[in-house]
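Reading through the structure tokens given below for one structure.
All of the numbers you see were taken from the coordinates with simple rules; none came from a lab. Computed from a predicted structure; not experimentally measured.
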Amino acid sequence: MSPKGRITAVLGPTNTGKTHYAIERMLGHRTGIIGLPLRLLAREVYDRIVAARGPSVVALVTGEERIVPPRTKYWVCTVEAMPEGMGCDFLAVDEIQLCADPERGHVFTDRLLRSRGLVETMFLGSHSMRGVIADLLPETQFIRRERMSELTYAGGRKIARLPTRSAVVGFSVDNIYAMAELIRRQKGGAAVVMGALSPRTRNAQVELYQNGDVDYLVATDAIGMGLNLDVRHVAFSALTKFDGRRMRELFPHEMGQIAGRAGRGMSDGTFGVTGEAGSLPPELAEAIMSHRFAPVRKLQWRNPQLNFAGIDPLIASLEVAPPGRAPAEGARGR
């Protein structure tokens, strides 16, 4: 990295235009890489950049798709698929608060500490990351973005009373399909979006909703990771999820990310509950509406240089402390 390379953290709640800002900044440079948390979001951003610069200079690299033209200047990737050592002028990582995620956090933390653009590096995410970024990267310049529209708690509503352009969020395949079938019987149609679908099917379902062919969307919590959908109301069909290890209640910041998908641009949005989900405590609803969440204090981190020669070497490499620096107070290895 050039010692003059600028590091900026653009932090704020949902619907502040952070990703749009990063795309504009990247296109102002000769070359760039942007890492995104979802394959579907990567495809959306790829399509936007292709529309602006043409397909011959834009790459898309995810766990499912790889499009790399010979004259690639701009790389759009999932964070795990970001190429290293490219020497691009601009580099951005979206949803940087996922540094704290138990499963994927070590990748985001590695990008936070080691990935840099030659001229400009940008991290996008929740304001809850400000303290830990300031500790780890004291040279960072911070930009705070405010939400462009209001978010209001609308309480509980039955499926039959959900307004049009609603997204119902579930946390299991069975729940999602059950809610979709219920909406189809009572409302006439619903699109389904979840990671288990193929890229073609997911894209078709999003297009079905975005085009207005159906007015209801049933999705996993993945919609909280920055998808730009025309959602006016978000309804939680459950307030617990299986996180790969155990069933647990949703954290306030997770609910804030998901609920914040309601209302885009200057259009206000609402959120609430439906189905068997209980009502939200007033203090939790207020925290979501005002975007007040506890600061992130612990990051996931591990040695990125893994040894795949065998099981024992792999385990030994996973137990090695990450090289180059020690975590600041409030961050930890995994």
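Annotation: amide H-H contacts under 5 Å for Ala154 (H modelled 1.01 Å from N, sequence separation of 5 or more, or interchain): Phe271, Gly272. Working note: Karplus 6.51/-1.76/1.60 with θ = phi - 60° gives the range 83-96 the couplings x, 9, x, 6, x, 6, 5, 10, 9, 9, 10, 8, 6, 5 Hz, where Gly and Pro are set to x.
Derived scalar couplings between HN and Hα for the range 243-255 equal 9, x, 10, 7, 7, 8, 6, 5, 6, x, 5, 5, 5 Hz in order, rounded to whole Hz, by the Karplus curve 6.51 cos²θ - 1.76 cosθ + 1.60 (θ = phi - 60°), x for Gly and Pro. Normalising the average separation of contacting C-alpha pairs (under 8 angstrom, six or more residues apart) by the number of residues puts the relative contact order of the chain at 20 percent. Tell me which residues come under 5 Å, amide H to amide H, from Glu95 once H is placed; ignore anything under 5 positions away on its chain. Under 5 Å from the amide H of Glu95: Leu124, Gly125. Karplus-derived 3J(HN,Hα) values for the range 34-40, using 6.51 cos²θ - 1.76 cosθ + 1.60 with θ = phi - 60°, are 10, x, 10, x, 10, 4, 5 Hz; glycine and proline are entered as x. What's the angle, to the nearest 10 degrees (0 to 90), between helix 18-27's Cα axis and the longest principal axis of the chain? Long axis of 18-27 versus the principal axis of the chain: about 40 degrees.
Working note: 222 nm ellipticity from helices only, DSSP H runs with n ≥ 4, each -39,500 (n - 2.57), summed and divided by the residues of the chain, gives -8500 deg cm²/dmol to the nearest 500. Amide H of Val192: which non-local residues (sequence gap of 5 or more, or other chain) have their own amide H closer than 5 Å, using H built in the peptide plane? Close amide H contacts, sequence-distant or interchain: Val218.
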